[in-house]
Structures are given as structure tokens and as C-alpha cells.
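Here the structure is laid out as C-alpha cells; the discussion comes afterwards.
Readers should treat all values here as calculations from the given coordinates under stated rules, not as data from a laboratory. Since we're looking at a predicted model, the values are computed, not measured. Reconstructed Cβ throughout: ideal geometry from the backbone, glycine too, with neighbour counts over all protein chains shown.
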Amino acid sequence: MRTLVLGRTPARVAEVLATLRADGFDAEGVSGDEEARQLLEGGGFGVLIIGGAVEPGSRASLKEFAAEHGVRRVIDGALREPFDVYVRGEFEPLIREAASGG
């Protein structure tokens, strides 16, 4: 399931993407709301992960936008170290669940 990661810190977005891709997930990442909207508008994303530093107004707006563009699951994320362990334990099970229709 194609996943979009939105986070304000590019280095953390890169770490999340590296783990997801290493584990076989199709994922892209951005740091800005407008970039995220453009990608979501193009369709094809089933999951949106929104990082903990994304402001509440942006978070709410993007959740609504994602729902309008066929995103099945929005995950609120606040990374904890070690990042790869967190991604595997918290994000990947939810992506798998969304992919299976849950």
C-alpha cells in the first residue's frame, strides 16, 4: 500500500522512509503541506503518516483532504528512538492493516 509520510524534519522523514522501503513498503515523504496535497491529489496513496511536529491546524486540514482523496488510514506519528524500531512496531502494522482492508 502506497504511503505518504509528512514530517517537518527532513532527516526524520528520510529515516522513516529508509525503514519502510527496506521492509518492502512503497513510501514517499515530504516536509510541506502543499507538497503533501499535490501528491495526495494525484491519488494512489492509501496511508498518510503525519509527524508529531505538524501543527494542529495543518493536521486537521490534511486529514480532511486525505479522506477526500481516497486515503484509507491516517496515522498520527510522534517518533521515538530508535526510529527504525518505532516504525516497525507502530507504523508498519497499521499500514498492513489498511492494506488488508481493516
Query raised in the report: When only alpha-carbon atoms count, how far does the chain stretch along each of its three principal axes, as whole angstroms with the largest first?
Result: 31, 29, 18
Query raised in the report: If you place +1 on the Cβ of every Lys and Arg and -1 on the Cβ of every Asp and Glu, how big does the dipole about the Cα centre of the chain come out, in debye to the nearest 20?
Result: 160 debye
Query - Value at 222 nm in deg cm²/dmol, rounded to 500, when DSSP H runs of n ≥ 4 in the chain each add -39,500 (n - 2.57) - result: -13000 deg cm²/dmol
Report summary line: In nanometres, the difference between 0.36 nm per residue of separation and the alpha-carbon distance of Ala99 and Glu34 is 20.9 nm
